[in-house]
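The values are calculated or read from the model by the stated rules, or taken from the named source; none is laboratory data. What you see is a predicted model, and the numbers here were worked out from it, not measured in a lab. Because the Cβ atoms are built from the backbone with ideal geometry, glycine has one as well, and the counts that use them run over all protein chains shown. With ligands, DNA and RNA removed, areas are computed over all heavy atoms of the protein, side chains included. Shrake-Rupley method; radii C 1.70, N 1.55, O 1.52, S 1.80 Å.
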Amino acid sequence: FWDMDYAGVYRANLLISKLANPIPGLSTDLQNRYIAESKVLRAYFYFELERLFANIPLIITPLPASDIYAVLQAKPADIYAQIEKDLTEAIPALPATVATAEDGRITSGAANAMLGKVYLYEKKWSNAASTLNKVNNSGVYSLLPKFSDIFSPAHKFNSESIFEIVHTNAQSS
């Protein structure tokens, strides 16, 4: 998990750094959306790492390989502060819904749900309640009529799906 999550952190950091400057042919809105999605993914990876390992290095810029082992562990409170910062900065740039062709992309509801979960782990009860209320009252999500449908491959990206990770059985070459 350590290697996989830190590979994700590295990729998110790299993309955020590359998107910091305007890119010809890429609209500002789309560029901001990519940055927001990268921040949500970085927050997701750090949340997983923090819950699994507690004392971890906090890396928010791409590092050369020679510097990786010189990074000190951060306090858990600093990790959670970065997770909250990434999510709160990302939410305004994310769409509430995505087209079917973009299933699996991150929405503001997914980022809010993740932020609410982070608040729960930090025991910030009122923040969690108000953040998760945004998701519940958004009108985007609802329970399926039949409980067993959530386990069926035929019901991917259904009305209960908030943050669904796309997998494939195809091998990359």
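Mind listing just one residue for me: the one in segment 142-162 that is among the hydroxyl-bearing types (S, T, Y) and either open to solvent by 50 Å² or more (accessible area, probe 1.4 Å) or not in a loop (DSSP other than H, G, I, E, B) (or both) and, of those, nearest to I83 (Cα to Cα)?
S142
Give the residues of segment 66-125 that are modelled with pLDDT under 95, in contact with an Asp or Glu (Cβ under 9 Å, 6 or more places away or on another chain) and not acidic (D, E), sorted by residue number.
Selection gives G104, R105.
Mind counting the residues in segment 122-141 that are without any contact (Cβ under 8 Å) to a residue 24 or more places away in the chain, not charged (D, E, K, R) and not in a helix (DSSP H, G or I)?
2
Among the candidates E89, E50, E84, which residue alone is farther than 23 Å from H167 by Cα, touching a residue at least 12 places away in the same chain (Cβ under 8 Å) and open to solvent by 50 Å² or more (accessible area, probe 1.4 Å)?
E89
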